[in-house]
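Worksheet: one structure, shown below.
Please treat every number below as a calculation from the coordinates, not as lab data. Every value quoted in this text rests on a predicted model; they were computed, and no experiment measured them. Using ideal geometry, Cβ is built from the backbone for each residue, glycine included, and neighbour counts are taken over all protein chains shown.
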Amino acid sequence: MNNLLLNIEEYTKENPHFVIIIRAEENGENLEIMTFRGFSSCLTGATEYDPDLPVLSSSGLISSIDLLQAPYNPISPQYIEQNLTPAQFEANFLS
């Protein structure tokens, strides 16, 4: 599993008032992943039923991260930060 995704999942466990949307690429496929309360689901494809199976492998490349206020409402999302690079997210929220 992607280490940054693991850290993001842990962050959302500790901060359940946030939802995180991740845009990534894996094997030439663009993915959008939502993380909430420590669990990740792929919004652009299938998510395995087993939560121990990774949504994004270690070879997956995260391109941008959005931080939103929970609960998530797709009609009216409440963005706190948008289009953060992985480095920006790590520096601002994981350090």
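Note on residue 25 and residue 61: the extension gain reaches 12.4 nm, defined as 0.36 nm multiplied by sequence separation minus the Cα-Cα distance. The helix-only estimate of mean residue ellipticity at 222 nm for the chain, built from DSSP H runs of length n ≥ 4 each weighted as -39500 (n - 2.57), is -4500 deg cm²/dmol after division by the residue total. In terms of overall dimensions, the range 6-95 has a Cα radius of gyration and Dmax of 12.4, 32 angstrom. The 3J(HN,Hα) values that the Karplus relation (6.51, -1.76, 1.60; θ = phi - 60°) gives for the range 45-60 are, in residue order, x, 6, 10, 4, 5, 6, x, 7, 8, x, 7, 9, 6, 5, 8, x Hz. Gly and Pro appear as x. When the chain is treated as a GNM with alpha-carbon contacts under 10 Å, the residue of 58, 41, 76 showing the greatest mean-square fluctuation is 76.
Which residue fluctuates most in the GNM of the chain (Cα springs below 10 Å): 68, 84, 53? Largest GNM mean-square fluctuation: 53. Of the Cα atoms belonging to the range 12-58, the radius of gyration and Dmax stand at 10.8, 32 Å.
Backbone geometry of the range 73-90 corresponds, through the Karplus equation with coefficients 6.51, -1.76 and 1.60 at θ = phi - 60°, to 3J(HN,Hα) couplings of 10, x, 6, 9, x, 9, 6, 9, 9, 10, 6, 6, 6, x, 5, 5, 5, 4 Hz, x marking Gly and Pro. Mark the label point 7 Å from the Cα of residue 41 along Cα→Cβ and return the residues of the range 58-73 whose backbone N is within less than 19 Å of it. Residues 66-73 fall inside that zone.
Fewest to most neighbouring Cβ within 10 Å: what's the order for 55, 19?
By the 10 Å Cβ count, ascending, the order reads 19, 55.
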